[in-house]
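Laboratory data are not the source of any read-out in this text; all were calculated from the coordinates shown. Here the structure is a predicted model, which is why all the values come from computation and not from measurement. Cβ placement follows ideal geometry from the backbone for every residue including glycine, while neighbour counts extend to all protein chains displayed.
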Amino acid sequence: MKLRRARRARKGRIEIIPMIDVMFFLLATFMLASLSMQNLNSLQVNLPHGRADSELVKKDITLTITKENAIYLNMTPVTLETLPQTLAPLMYGHEGRIIVAADGGALQGVVVKAMLKAREAGGSRFLIAVRRDEQS
């Protein structure tokens, strides 16, 4: 009687090439998803053109002045008189940084008055939002 030899157990292998493909796909997916989630807490206004470097703030405080000279603080309507009281509680941890998104048709005096009122509430650094020129 002839005995059959038991088969040798094959060791499992981890294939590295498919794992690299999956990791690259996940990396690209998360990068695209995080880029699409970036937004500015302001209303749609017609920004003036200009060149400026991007500066990211942890949680933006946005002061928006529309063409009709209406003032919004993080999409909440405010007046020049109520701006300091509304802005003061939001300033904690922002190092005085406020993004100013003023429409190109807004009156300059209203924009300056709003910035001065924001300074009363603790704003010391104003970042002016502009639309990037296509010629860079």
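When peptides 101-113, 12-24, 60-72 are sorted by average Cβ neighbour count within 10 Å, with the highest value leading, the order is 60-72, 101-113, 12-24. Inter-label distance, T82 to F24: 5.5 nm, where each label sits 7 Å from its Cα along the C-beta direction. Convex hull volume of the C-alpha atoms in region 49-132, normalised per residue: 87 Å³. Taken along the Cα-to-beta-carbon direction at a fixed 7 Å, the label points for I14 and I128 span 5.5 nm.
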